[in-house]
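Engineer: Dumping the structure here so I can ask a few things about it.
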Amino acid sequence: MSLQAIIDGLITDTYSSLSLFRPELFLCATIVALLLVRLIPWLEKIDPSIVAFAGTGLALCYAIPTGGLAELVSQGPQEIFTGMLVCDSLTIYVRAVLLFFAVLFIVL
């Protein structure tokens with residue numbers, strides 16, 4: 001294999017893996033937004049709890065499978081990021097439960 005083919009395969013795998021890693025990306029973006037709200041003076045008018053609730057809520061929406069529990073049961077393990085992570089039904093379930101409790105914590 002040539003170097004260009006290896007790089008093309010890596011880029012293709014990374015783009016396909018990002019859709020399954022989307023809730024974690026939303027959480028990272030929420031953390032950056034919270035830091036910016038605290039850092040930039042003219043953004044201090046925005047309540048950080050609203051930013052945290054919106055970002056965590058979006059992450060929770062993307063963590064739940066679109067087909068519901070039927071899709072959760074029927075989905076087999078899928079390797080993402082060239083086998084570094086595995087996304088299976090247990091991963092999706094634990095991710096959704098943790099994000100639900102994060103949203104609940106922000107509300108309370």
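The values are calculated or read from the model by the stated rules, or taken from the named source; none is laboratory data. Note that the coordinates shown come from a computational prediction; the quantities given were computed from them, not determined experimentally. Methodologically, a virtual Cβ is constructed for each residue, glycine included, from the backbone with ideal geometry; neighbour enumeration extends over all protein chains shown. Note: accessible area is taken over every heavy atom of the protein model, side chains too, but ligands, DNA and RNA are not part of it. Shrake-Rupley method; radii C 1.70, N 1.55, O 1.52, S 1.80 Å.
Engineer: Taking the range 1-43, which residues are of a type in the set (Phe, Trp, Tyr) and open to solvent by 90 Å² or more (accessible area, probe 1.4 Å)?
Structural biologist: TYR15, TRP42
Engineer: I would also like to ask the following. What do you reckon, is PHE53 in contact (Cβ under 8 Å) with a residue 24 or more places away in the chain, open to solvent by 90 Å² or more (accessible area, probe 1.4 Å) and among the hydrophobic types (A, V, I, L, M, F, W, C)?
Structural biologist: yes
Each row is one residue, and each column tells you yes or no for (1) in contact with a strand residue (DSSP E or B) (Cβ under 8 Å, 6 or more places away or on another chain); (2) touching a residue at least 24 places away in the same chain (Cβ under 8 Å); (3) in a helix (DSSP H, G or I).
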residue: ALA5; (1), (2), (3): no, no, yes
residue: LEU20; (1), (2), (3): yes, yes, no
residue: LEU27; (1), (2), (3): no, yes, yes
residue: LEU58; (1), (2), (3): no, yes, yes
residue: LEU104; (1), (2), (3): no, no, yes
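Engineer: Out of ILE7, ILE11, ILE64, which single residue is of a type in the set (A, V, I, L, M) and within 13 Å of the chain's Cα centre (by Cα)?
Structural biologist: Residue meeting the stated conditions: ILE64.
Engineer: Could you please find all residues in the range 60-95 being part of a helix (DSSP H, G or I), in contact (Cβ under 8 Å) with a residue 12 or more places away in the chain and exposed (fewer than 13 other Cβ atoms within 10 Å of the Cβ)? Walk me through how you get there before you give the answer.
Structural biologist: We begin by selecting, within the range 60-95, every residue part of a helix (DSSP H, G or I); these are 60-63, 69-74, 89-95.
If we keep only those that are in contact (Cβ under 8 Å) with a residue 12 or more places away in the chain too, we end up with 60, 62-63, 72-73, 89, 92-93, 95.
Residue satisfying the conditions is VAL73 alone.
Engineer: So, of the residues in the range 18-54 that are of a type in the set (Gly, Ala, Ser) and under 10 Å from the mean Cα position of the chain (by Cα), which turns out to be modelled with the lowest pLDDT?
Structural biologist: Ranking the qualifying residues of the range 18-54, first place goes to SER19.
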